[in-house]
Amino acid sequence: MEDVFAPLDEEITGFKRYFSENNRCILSAPFGEGKSYFLNEFIKSQVDEYDFITIYPTNYQICDNRDILEYIKRDVLFGLIALDENIIDGFDATKLGILRKAILESKEGVAECIPDINASVCGIGLTFSPSKVVSTLLKIWDSCEKHSDAHGNPYKEYLLSFDNEKGGIYELDAVTNLICSLIQTRQESGRKMVLVVEDLDRIDPGHIFRILNVLSAHMTYINGYDDGTKNKFNFDKVLLLCDYANIEKIYHHLYGEKTDFKGYISKFSAVRPFKYSIRDKIAKHIGCLIDEYVKDSVVSNVLAESIVANTRTTANVLIENIRNIKEQIRFASKQYKEVKLSVDVKKNHLAFTGLAEQANEAMDKLYVDTNKPLMAFMSICKAFSLSGKNILDKVAKLPRQYYEVNHIVELCGILMIPLISGLQPVLDYDLKYRLGTSRGCELKLSDDGDILELIKEPYVHENVLEHISLDVLLSKISELEQYLY
């Protein structure tokens, strides 16, 4: 199912101006404000010009601080290949050599990825382990390499040691070279490359500043000069997603209240972060989702406002993020029993009209399936500990435009037929099933008698539902709670 959101055109236009003018960007918003969703919408708007490579540091929680750069390189490399899996096909001999060297430098990981092979020969079970064979061969390779380098140039060896230092500031190994080469290939085809670092403030504090240090240090690794454009892998732009205020609080907690956070963060970006907030649109966004199940935008929006109000703290911060709220709504929308509620048909008065035979052949009972928007509404209310009656009371108090439908009647509609005796279906003189009286709304039925729809023709028929008081409708709704899980 496609996600829905209130329009973000204004916010995207503002961020586009900020993004186009800065090579090192920070998109800042509090937890639960939908940064990731906004970024995805922004990326869609830039698809003709930019390629975005996104890394998720939350995946690095268990790794050592010094291994951070290695994980970043791995994810960037995978992201680049995902952009175009055929990109390697166009490599020349030099680039293929880089790739070969990159694989060799990751030899332990490559060997561990090869599974054992189980086979049976003459009834005897054998296990062949290619990974052990590869590991043995690679050890021989290492011995040969060390032997051949034993009498090398000590000065060259000293300088190259910085290139190969794992996680070091001046690290420039084969994998880094390969990444730079892939990025350059995309840039030569006219694409601009962006590195996105997601959820920076939701990881271990040590990792937060390790990543910022890596990005900042590698921006100045050439002659120690930072002109505001360079970065480790030659991306055109780097974008951080975080709560800027939260990063600042973590920094002061680690290093003291009097430390200069702005001076520190300016090493990454000297421009103020772009602050994004959709607090006034969150309820509208959730209302759009609820409307997929409740089928009435007015009721859905009132319910959404109550949900958001229920999930905010006194500091106006969402206790749960938007994604969690939406998942709860999707799950709750089906948490009811699908049963058939039977209802008798009145047709005795046709016995004296000469239509008795036809009337006897017509169905004596119809039914209503509980798989209706009202049950989805009640299920969602229950999931968020809200009173469906209170929500509908709020809807009833809203001013209605001329000719606007009665939203409560529309929502309750068909499910009220088995619950209110005055809504008993009637077989009229034309042998059509109508609601309440022979002049009531015509009923659209399935072949087996399921009431699917009330066909309204105001200029001919009356809507009996309109004459039932709100209190009666709401009191009857409580009878449906027995079908909620």
Label model pair Val405, Thr437: point-to-point distance (7 angstrom along the Cα→beta-carbon line) in nm is 2.3
Most packed first (mean Cβ within 10 Å per residue), the peptides 41-48, 372-379, 77-84 order as 372-379, 77-84, 41-48
The answer for chymotrypsin sites (Phe, Trp or Tyr not before Pro) in region 385-439 that fall in a DSSP coil and have at most 14 neighbouring Cβ atoms within 10 Å is Tyr402, Tyr403, Tyr429
Applied in sequence order to region 433-447, the curve 6.51 cos²θ - 1.76 cosθ + 1.60 (Karplus, θ = phi - 60°) yields integer Hz couplings, x standing for Gly and Pro, of 7, 10, 9, x, 9, 5, 9, x, 4, 6, 9, 8, 10, 7, 4
Per DSSP, the loop-located chymotrypsin sites (Phe, Trp or Tyr not before Pro) within region 236-315 having at most 16 other beta carbons within 10 Å are none
The set of residues whose placed amide H lies less than 5 Å from the amide H of Leu445, leaving out same-chain residues fewer than 5 positions away, is Leu452
Ordered by number, the GluC sites (Glu not before Pro) in region 350-427 that occupy a DSSP loop and have at most 11 other Cβ atoms within 10 Å are Glu404
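For a 19 Å ceiling on Cα separation, which of these pairs sit above it: Lys35/Lys262; Lys337/Lys382; Lys249/Lys326; Lys346/Lys432?
Values: Lys35/Lys262 22 Å; Lys337/Lys382 14 Å; Lys249/Lys326 29 Å; Lys346/Lys432 12 Å.
Violating the 19 Å Cα-Cα cut-off are Lys35/Lys262; Lys249/Lys326.
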Counting sequence-distant residues (5 or more places) and residues on other chains, those with an amide H built under 5 Å from that of Asn22 are none
The ³J(HN,Hα) series, computed from each phi in region 421-426 with the Karplus coefficients 6.51, -1.76 and 1.60 at θ = phi - 60°, rounded to the nearest Hz and given as x for glycine or proline, is 4, x, 9, 4, x, 10
Farthest towards the positive end of the dipole of region 282-483, among Ala309, Leu386, Ile329 and with Cβ unit charges of +1 on Lys and Arg and -1 on Asp and Glu, lies the Cα of Ala309
Length gained, Ser45-Gln187, 0.36 nm per residue minus C-alpha separation, equals 49.2 nm
Once Cys180 and Val472 are pulled to full extension, the length gained, defined as 0.36 nm per residue separation minus their Cα-Cα distance, is 98.0 nm
Sorted by chain and then number, the residues having a modelled amide H within less than 5 Å of the amide H of Asp51, at least 5 places away or on another chain, are Lys192, Met193, Val194
Expressed as a whole-number percentage, the relative contact order of region 282-483 with C-alpha contacts under 8 angstrom and at least six residues apart is 20
If the chain between Asp364 and Asn310 were fully extended at 0.36 nm per residue, the gain over the current Cα-Cα distance would be 14.8 nm
Taking R0 as 45 Å and r as the Cβ-Cβ distance between Lys249 and Leu452, the FRET efficiency 1/(1 + (r/R0)^6), rounded to the nearest 0.05, comes to 0.20
Here the Kirkwood hydrodynamic radius of region 282-483, Cα-based and in Å, equals 18.4
Between the modelled labels at Val271 and Asp430 (7 Å from Cα along Cα→Cβ) the distance in nm is 6.8
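Coordinate-derived values only; no laboratory data. Just so you know, these numbers come straight off a predicted model, no measurement behind them. Cβ sites come from the backbone with ideal geometry, for glycine too, and all protein chains shown count toward neighbours.
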